[in-house]
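Asks: Here you go, one structure.
The values are calculated or read from the model by the stated rules, or taken from the named source; none is laboratory data. None of the values given here were measured: they were computed from a predicted structure. Neighbour counts run over all protein chains shown; Cβ positions are idealised from the backbone, glycine included.
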């Protein structure tokens, strides 16, 4: 009786709201709340102790956190730029292919088809200082007679992870930029040739401005992706050696499940999300500007 | 300012040859139009001159230089594209000044030259806009502005009016003609529209299947077409044409209708010869409603039925049944003609054309 008094739109939307509340709103609110408690998985009752901003203050004043934060930003910057440049190069090469372009495009997507966990294992093997392919190759070629400790030296370890990340995701850039190249009209390029541009100038003044929106879309997607990097790192180094490859989310994961300090981990996670949002906003701004520049109608 | 010379120019795509060794001399400051149906090789020829297509054989000279292997930027040419091909991320002013910027000219000079070009093309108030904010006609004017700021030796136009509506087309056509008068530069203009070619150019090159059919002034190609193809292509409405056989000093049509042999051909025709007879709508008119060529003896008259009429105001196109189909006639000082009525039609045979049935060549060179 009572239900039937609700209007039809409310009634029809109710299931959707219910599902959203169950899977999004409640967990979100709960995690947000728990970031204001000293909640530990081992002490369930600690969920009901309200400690205000103490977790956040601890996070902000924690050197380890800021190191991980800074390292994540560094990792993000290096990985995104490398992927961007390699992806652009790859897309330009594939777009020049007269024959077999379709095949190349499919091949290009292969790295995206592997689970990051498997990529992690594969690169862990490749970079192994003892039996790894890379050291083996370097030694066979006579470039070095040492066993380079790829995953054991702190700096080399982050580099190795970056290589794995770049390998697995360069194709995201390549494919999006290739889409831009294929959609691009030929005439302005020909006009640029006639106007006196060298091939390099044509790229700089005509092709690149046209591709920028596509690059920024890829940047946005990938910045979110890289900022939550966890799997590859977890497999390859697990944040080691001596926390030298600790990124935001491996730190969050360790705090939450290793130390069981769920409240603290949630506080960190909210920080990490703010970082992601900032990157997204930044790239969307760039994207909007670039789109407006080329007068895009999409 | 330079002449352009094509010698035995060939274009092949793999095994397919699309331009078959054409020769053409474009004089300095000449306006020449390449015209022909689509697929005749005119755009390909223009793109080879621009350097956007490789040359498969023969040579292209601009001025005194063979430019076959030079990239477009080294040829000192400008090109206006059918799709405008403006740079979407640059303002109108930047678009027009782009080539000067690339050439490393000082900003003041660029500004001055862009302002000059903009004044010529009435674009001054649009210099800060982007191409996406302009109409089609404005975009095409910007494309022309981009071409003229550089003062190139040769201007190339690739169907620049095809994307414009009919009214704008006439306007921009006039602007191009003015531009040629002002710039005093060599211009090569590709179009499939014979009206554009006729109105704009000093000489017309009519192309067909990768060959040049005829080169001549608009007056020459209209009045003295060398081939049946040119006769059919130039002129609107097109020339009336039908096959005839010479018999008993007459031209006999398939339906049995006959016309006297035009006076200028009387000595040269032999009985049994098979020909194509052609007569322009201007020379085939309701008696008393046409231009008089002055040679009254050469006018033949026949009673023919009117099938339909298309009044255009100052003239009417009259379609009359002759030899089993409709022949077009241009009626000056028109009066209403009901369909089905038989009227007396004049054939001004002094203006008639005869073409060899097999080769398609005109009988008077």
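Asks: Among the residues of segment B:326-340, are any surrounded by fewer than 18 Cβ atoms within 10 Å (Cβ to Cβ), free of Cβ contacts under 8 Å to residues at least 24 places away in the same chain and within 20 Å of residue B:235 (Cα to Cα)?
Replies: Among the residues of segment B:326-340, at least one is surrounded by fewer than 18 Cβ atoms within 10 Å (Cβ to Cβ), free of Cβ contacts under 8 Å to residues at least 24 places away in the same chain and within 20 Å of residue B:235 (Cα to Cα), which makes the answer yes.
Asks: Which one of these does residue A:209 not meet: (1) at pLDDT 85 or above; (2) more than 14 Å from chain B (Cβ to nearest Cβ); (3) farther than 23 Å from residue A:108 by Cβ?
Replies: (2)
Asks: Within segment B:72-85, track down each residue that is more than 7 Å from chain A (Cβ to nearest Cβ) and part of a loop (DSSP other than H, G, I, E, B). Quick ask: steps written out before the conclusion?
Replies: In the first step, residues of segment B:72-85 are kept if they are more than 7 Å from chain A (Cβ to nearest Cβ); the result is B:74-76, B:80, B:82, B:84.
Selection gives B:75, B:76, B:82, B:84.
Asks: With the condition being within 14 Å of chain A (Cβ to nearest Cβ) and either crowded, with 20+ Cβ neighbours inside 10 Å or modelled with pLDDT under 90 (or both), I'd like the helices (runs of 4 or more DSSP H) fully within segment B:104-202 carrying at least 1 qualifying residues. So that I can check it myself, show each step before the final result.
Replies: On the way: elements: B:107-120, B:136-148, B:166-183, B:194-200.
Where helices (runs of 4 or more DSSP H) fall fully within segment B:104-202 and carry at least 1 residues being within 14 Å of chain A (Cβ to nearest Cβ) and either crowded, with 20+ Cβ neighbours inside 10 Å or modelled with pLDDT under 90 (or both), they are B:107-120, B:136-148.
Asks: May I pose another question? What's the number of the only condition in (1) within 14 Å of chain B (Cβ to nearest Cβ); (2) more than 29 Å from residue A:106 (Cβ to Cβ); (3) surrounded by fewer than 18 Cβ atoms within 10 Å (Cβ to Cβ) that residue A:240 fails to meet?
Replies: It is condition (1) that residue A:240 fails.
Asks: Also: Within segment A:257-272, which residues are assigned to a helix (DSSP H, G or I) and either touching a helix residue (DSSP H, G or I) at 6+ places or on another chain (Cβ under 9 Å) or on the phi > 0 side of the Ramachandran plot (or both)? I'd like the intermediate steps shown before the answer.
Replies: Here is the first cut: in segment A:257-272, the residues assigned to a helix (DSSP H, G or I) are A:257-258, A:262-272.
A:257, A:262, A:263, A:264, A:265, A:266, A:267, A:268, A:269, A:270, A:271, A:272, listed by residue number.
Asks: Can I ask one more? Suppose the filter is surrounded by fewer than 20 Cβ atoms within 10 Å (Cβ to Cβ), at negative phi, in a helix (DSSP H, G or I) and touching a residue at least 40 places away in the same chain (Cβ under 8 Å); does residue A:254 pass it? Give the derivation first.
Replies: On the way: surrounded by fewer than 20 Cβ atoms within 10 Å (Cβ to Cβ): yes; at negative phi: yes; in a helix (DSSP H, G or I): yes; touching a residue at least 40 places away in the same chain (Cβ under 8 Å): no.
Judged against the criteria, residue A:254 is not a match.
Asks: Something else: Among residues belonging to segment A:182-192 that are surrounded by fewer than 22 Cβ atoms within 10 Å (Cβ to Cβ) and in contact with a helix residue (DSSP H, G or I) (Cβ under 7 Å, 6 or more places away or on another chain), point out the one that is nearest to the other protein chains (Cβ to nearest Cβ).
Replies: A:189
Asks: So which residues in segment B:341-365 are touching a residue at least 60 places away in the same chain (Cβ under 8 Å) and part of a strand (DSSP E or B)?
Replies: Those that are touching a residue at least 60 places away in the same chain (Cβ under 8 Å) and part of a strand (DSSP E or B): B:345, B:346, B:347, B:348, B:353, B:354, B:355, B:356, B:361, B:362.
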